[in-house]
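The values are calculated or read from the model by the stated rules, or taken from the named source; none is laboratory data. Worth saying up front: this structure is predicted, and the values here are computed from it rather than measured. Neighbour counts run over all protein chains shown; Cβ positions are idealised from the backbone, glycine included.
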Amino acid sequence: MKKLYTLGISLMAIGAVNAQAYLGKDFEDQDVNSGGFTTQVVTGTLDWGIQEFSNNNFAKMSNFSGGTSNESESWYITPAVDLSSATSPIFSFANSANFAGADLEVFMSTDYDGTSAPSSASWSAMTANLSTGSYEWVNSGELSVSSTSATTYFAFKYTGTANDGKTWQVDSVFVAEAGTVFENTVIGTPATASEKTIYEIQSNTINGDESFYVDSVVTTGGIVTAVNIFQGDQKGYYIQSGVGSYSGIYVFDGNNTVVKGDSVIVTGTVDEFFASTQIGFVTNLSIVSNFNDVPVTLLSTAGVAQEEYESVLCQVVNANCTALPNNFDEWKVDDGSGEVFVADFLFLYSPTLGTAYNVTGVVAFAFSEWKLYPRDGNDVTVYNGQPVSINENNEVLTAVYPNPVANGNVTIEVTENTSLVVLDLLGNVVLTNALVSGVNTINVADLAAGNYIVKVGTSVQQLMVK
């Protein structure tokens with residue numbers, strides 16, 4: 001979005017002797033606190049942050065996190081503005097909102113100290129034009145400043161309850177003499193797609209789980225790891241780029257047909273659906289190639305319950321069935337690190353209590369629980385004590401032996417000069433080493449007994465150390 005208040009300053013300076021701008025912030029530096037702006041969280045833990053949509057940045061506050069509304073009160077406060085010599089100062093901003101809840105409140109103060117709790121100062125309410133919803137942007141209008149000082153502050157107060165709460169967005173914050181040309185330039189801005197990797201979409205978050213790019217139109221790509229053809233109102237597919245944290249995302253798409261192994265490029269809008277980041281409103285899908293393999297991330301059962309593995313294809317090994325299916329056909333497994341649910345969202349399986357399983361599935365957060373979604377009968381197997389190959393594409397990595405390894409050395413055969421990365425079940429890198437084409441002997445004596453991931457290029461395999 002082009003910020004026209006800068007243009008307004010130029011026109012005003014030419015046409016009026018007393019024209020002066022005192023404060024302006026357009027958020028294009030993607031920093032909610034730059035320029036001396038501050039936030040004060042009074043109730044709850046959620047706070048104002050930066051959001052991007054259609055290549056425009058703005059401040060955003062929502063009390064929806066973790067799949068539910070949360071009691072919240074958070075203030076967004078300007079730095080002190082020197083209006084001691086002002087004649088007819090005004091405060092102005094653009095705003096948009098969605099969902100049900102309390103309206104944004106706007107205040108000014110001449111006795112706030114800039115750092116203390118808002119309750120420490122006297123605040124005068126200001127009446128602004130506010131968005132009525134559907135993320136429709138409106139101009140607040142020129143709000144007259146009733147009293148001035150060398151330290152005049154302006155503030156936005158957000159309030160949300162455990163039952164509801166609007167999402168409020170603020171842009172083009174402006175303090176100047178009356179008559180400054182100011183236009184809400186958000187209205188009518190076309191939603192142009194920007195290229196983002198899955199990692200960028202998933203790892204850049206607000207309040208720890210909501211993507212920074214919510215409501216942005218993006219183009220991204222990956223390999224289809226699972227297809228949901230059963231849940232009609234949630235029909236879509238999971239795509240993944242690479243392996244490990246923040247590599248997967250769900251695409252809500254009831255119009256296009258894909259199959260597991262397709263390499264796709266998708267254009268759609270980033271969305272949060274019950275605390276899970278997804279891409280919806282798909283406008284374009286291109287299938288680049290077929291029959292691709294996707295590395296599976298090996299995790300402990302406790303390690304599944306992490307935001308960074310949302311929508312990532314993962315596997316747990318030697319995990320005992322500790323609870324049979326409940327009324328929702330969800331059962332539990334535990335490899336000794338902690339239980340995790342196995343759900344029937346994509347495939348229904350009937351386990352035996354006390355039996356150890358290897359379970360592969362997409363990680364999802366649903367109904368306040370982290371879960372694994374197996375895709376078919378191949379994803380749930382009885383553990384037989386042998387290491388598991390978690391990638392069929394071994395064009396570079398041809399052999400890993402002995403496996404399990406008990407004497408401190410493992411032999412790794414590769415078809416070209418490359419590098420080795422060994423990760424633990426939580427995705428931490430514990431060993432790296434250069435490899436030459438042919439046979440390599442790697443010392444793993446310093447690794448504690450347990451399961452590890454051997455990664456060579458796009459080839460991934462489990463390594464068991466005794």
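Kindly evaluate D271 against the criterion of being in a strand (DSSP E or B), surrounded by fewer than 21 Cβ atoms within 10 Å (Cβ to Cβ) and at pLDDT below 90.
Numbers: in a strand (DSSP E or B): yes; surrounded by fewer than 21 Cβ atoms within 10 Å (Cβ to Cβ): yes; at pLDDT below 90: yes.
Considered against the rule, which asks whether it is in a strand (DSSP E or B), surrounded by fewer than 21 Cβ atoms within 10 Å (Cβ to Cβ) and at pLDDT below 90, D271 comes out as yes.
Per the conditions (1) at pLDDT 95 or above; (2) under 17 Å from S140 (Cα atoms), the sole criterion not satisfied by P89 is (1).
Can you name the residue in region 346-374 that is aromatic (F, W, Y) and in contact with a Gly (Cβ under 9 Å, 6 or more places away or on another chain) and, of all such residues, is surrounded by the fewest Cβ atoms within 10 Å (Cβ to Cβ)? Once the filter is applied, the top-ranked residue is F367.
What do you reckon, is G36 modelled with pLDDT of 90 or more and exposed (fewer than 14 other Cβ atoms within 10 Å of the Cβ)?
Numbers: modelled with pLDDT of 90 or more: yes; exposed (fewer than 14 other Cβ atoms within 10 Å of the Cβ): yes.
So G36 passes the test.
Annotation note: Cβ proximity below 9 Å between a residue of region 281-295 that is at positive phi and assigned to a strand (DSSP E or B) and a residue that is of a type in the set (S, T, N, Q) and crowded, with 17+ Cβ neighbours inside 10 Å (sequence gap 6+ or interchain) occurs for F281/T269.
When the criteria are applied in full, D209 fails the requirement of being modelled with pLDDT under 90, over 19 Å from the mean Cα position of the chain (by Cα) and among the charged types (D, E, K, R).
Would you list the strands (runs of 3 or more DSSP E) that sit entirely within region 56-108 and hold 2 or more residues that are over 20 Å from N207 (Cα atoms), in the same structural domain as Q40 (by TED's automatic domain parsing) and out of contact with any Lys or Arg (no Cβ under 9 Å at 6 or more places or on another chain)? Steps first, please.
Numbers: elements: 56-61, 72-77, 89-98.
Once the strands (runs of 3 or more DSSP E) in region 56-108 are filtered for at least 2 residues that are over 20 Å from N207 (Cα atoms), in the same structural domain as Q40 (by TED's automatic domain parsing) and out of contact with any Lys or Arg (no Cβ under 9 Å at 6 or more places or on another chain), what remains is 89-98.
For region 101-141, what are the residues that are among the β-branched types (V, I, T) and farther than 24 Å from P89 by Cβ?
Let us first name the residues in region 101-141 that are among the β-branched types (V, I, T), namely 106, 110, 115, 127, 132, 138.
Passing the criteria: only T132.
For region 43-82, a residue qualifies if it is among the acidic types (D, E) and either modelled with pLDDT of 95 or more or surrounded by fewer than 23 Cβ atoms within 10 Å (Cβ to Cβ) (or both), and the qualifying residues are D47, E71, E73, D82.
Would you tally the residues in region 282-328 being hydroxyl-bearing (S, T, Y) and surrounded by fewer than 23 Cβ atoms within 10 Å (Cβ to Cβ)?
Residues of region 282-328 that are hydroxyl-bearing (S, T, Y), as a first pass: 283, 286, 289, 297, 300-301, 309, 311, 322.
Okay, now just the ones that are also surrounded by fewer than 23 Cβ atoms within 10 Å (Cβ to Cβ), so 283, 286, 289, 300, 322.
The number of residues fulfilling the criteria is 5.
Against the list (1) under 35 Å from the mean Cα position of the chain (by Cα); (2) assigned to a loop (DSSP other than H, G, I, E, B), the condition T432 fails is (2). In the condition set (1) under 24 Å from E210 (Cα atoms); (2) in contact with a helix residue (DSSP H, G or I) (Cβ under 8 Å, 6 or more places away or on another chain), S65 is compliant with all but (2). If you take the residues of region 239-268 that are among the hydroxyl-bearing types (S, T, Y) and outside any strand (DSSP E or B), which of them is surrounded by the fewest Cβ atoms within 10 Å (Cβ to Cβ)? Going through the qualifying residues, I end up with T257.
Summed over region 430-450, the residues that are surrounded by fewer than 12 Cβ atoms within 10 Å (Cβ to Cβ) and either among the acidic types (D, E) or modelled with pLDDT under 90 (or both) give a count of 5.
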